[in-house]
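The values are calculated or read from the model by the stated rules, or taken from the named source; none is laboratory data. Bear in mind the structure is a predicted one, so any value in this text is a computation, not a measurement. All Cβ positions, even for glycine, are placed from backbone atoms using ideal geometry, and neighbour counts span all protein chains on display. Heavy atoms of the whole protein, side chains included, go into the accessibility calculation; ligands, DNA and RNA do not. Shrake-Rupley method; radii C 1.70, N 1.55, O 1.52, S 1.80 Å.
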Amino acid sequence: MLKGSERLDIHARIRRAAQSGALSHAIIFSGPGDRVEAARCAAAAMECTAGQDAPCGRCEACRKVFANIHPDVITVHDADHKIMAVELLRAIRSDVYIRPNEGRRKVYLFDDCAQLDERCQNLLLKTVEEGPPYAAFLFCAANSAALLPTLRSRCVEWKLAPAAEEGPEEDDSRARELCSVLSGKQAAAIVEFLTGMEHSKPSREELGRVLEQSRALCAQALLEHYGRGAPPDKQEITGKLRENLTKSQLMRTIEVLQTYRQECDWNVGVGHVLGALAAELEGIL
Ligand SMILES: [Zn+2]
């Protein structure tokens, strides 16, 4: 989720662009902010039926786009491969000529351009340039330099500011759940929890955030072993960790969480990270 001022800012920018008819049919969302939500906002602006105030966020089209269930806003992601399968891109090249189901536009949202190597991008070039007028292409790329100049030149780039600093409103409920499961020290429960996380299909950033928050809670619990109290709102979970895990178990858990949090900065599959993490944690506890 985009937070606070950044969220307002990107929504306002997209709304202004949509109102002035300046929302390009091919956009790269780059930078450290929440690129996928920004892209979804642009897709909503393209499908919104409210007219004036697109994306209104209230009409059926907007609601479907934000819930990721709009039939004409297609998230293009290959969960089975690191690099997107060529067949998938070929399928898009013909699918683009099938008119939208219910929306005004047909929007292809590439949620992670790290999946697109040179060959993939070359396959897309012509479609992006010469596709039907109702087609739109939204690319989410941590760094737009990873995209070919030929593709970049056909797109408008929107650079997103970093997500807001951790504030008091930061939601760490997932991390607390994970720590609670860890303090139970039951291998089956840990595997079940991590499998459940995998099924909820978090982005790499989301997973990285949960691992970082969990690492921080474990570090806090370790400090408690040495007599330093945790902040009141974290005492319940850090106390549980401290009571059930030894210092050395906590230290190794912290190391493992740190390692896999860093992995999330790279182009690794979320499923791979969660599977490897489960095996490592089982070994410690
Ligand atoms: Zn709307």
Could you please find all residues in the range 101-145 being aliphatic (A, V, I, L, M) and in a helix (DSSP H, G or I)?
114, 123, 124, 125, 128, 145
If we ask which residues in the range 94-136 are under 21 Å from residue 156 (Cβ atoms), basic (Lys, Arg) and open to solvent by 20 Å² or more (accessible area, probe 1.4 Å), their number turns out to be 3
Within the range 63-83, residues aliphatic (A, V, I, L, M) and away from the ligand (no atom under 16 Å from the Cβ) come out as 74, 76, 79, 83
Would the range 152-174 turn up any residue that is touching a strand residue (DSSP E or B) at 6+ places or on another chain (Cβ under 8 Å), in a helix (DSSP H, G or I), of a type outside the set (Gly, Ala, Ser) and surrounded by 13 or more Cβ atoms within 10 Å (Cβ to Cβ)?
yes
For the range 185-208, give me the residue count where each residue is open to solvent by 50 Å² or more (accessible area, probe 1.4 Å), farther than 15 Å from residue 271 by Cβ and in contact (Cβ under 8 Å) with a residue 12 or more places away in the chain.
2
Identify all residues within the range 51-62 that are open to solvent by less than 60 Å² (accessible area, probe 1.4 Å) and near the ligand (Cβ under 8 Å from one of its atoms); write none if there are none.
54, 55, 56, 57, 59, 61, 62
One residue is enough: does the range 215-223 have a residue meeting the conditions under 30 Å from residue 30 (Cα atoms), in a helix (DSSP H, G or I) and within 30 Å of the chain's Cα centre (by Cα)?
yes
Kindly check whether there is at least one residue in the range 32-49 that is open to solvent by 60 Å² or more (accessible area, probe 1.4 Å), more than 16 Å from the ligand (Cβ to nearest atom) and within 19 Å of the chain's Cα centre (by Cα).
yes
Positions within the range 173-187 being among the hydroxyl-bearing types (Ser, Thr, Tyr) and over 14 Å from residue 250 (Cα atoms), in sequence order:
173
Quick one: in the range 63-80, of everything that is exposed (fewer than 12 other Cβ atoms within 10 Å of the Cβ) and without any contact (Cβ under 8 Å) to a residue 40 or more places away in the chain, which residue is farthest from the chain's Cα centre (by Cα)?
71
In the range 6-31, how many residues are open to solvent by less than 60 Å² (accessible area, probe 1.4 Å), free of Cβ contacts under 8 Å to residues at least 24 places away in the same chain and under 15 Å from residue 155 (Cβ atoms)?
1
Enumeration of residues in the range 216-269 that are among the acidic types (Asp, Glu) and open to solvent by 80 Å² or more (accessible area, probe 1.4 Å):
233, 236, 243, 255, 265
Just need a number here: residues in the range 64-97 that are aromatic (Phe, Trp, Tyr) and either in the same structural domain as residue 273 (by TED's automatic domain parsing) or modelled with pLDDT under 95 (or both).
1
Given (1) touching a residue at least 60 places away in the same chain (Cβ under 8 Å); (2) surrounded by fewer than 16 Cβ atoms within 10 Å (Cβ to Cβ); (3) not in a loop (DSSP other than H, G, I, E, B), residue 91 misses just (1)
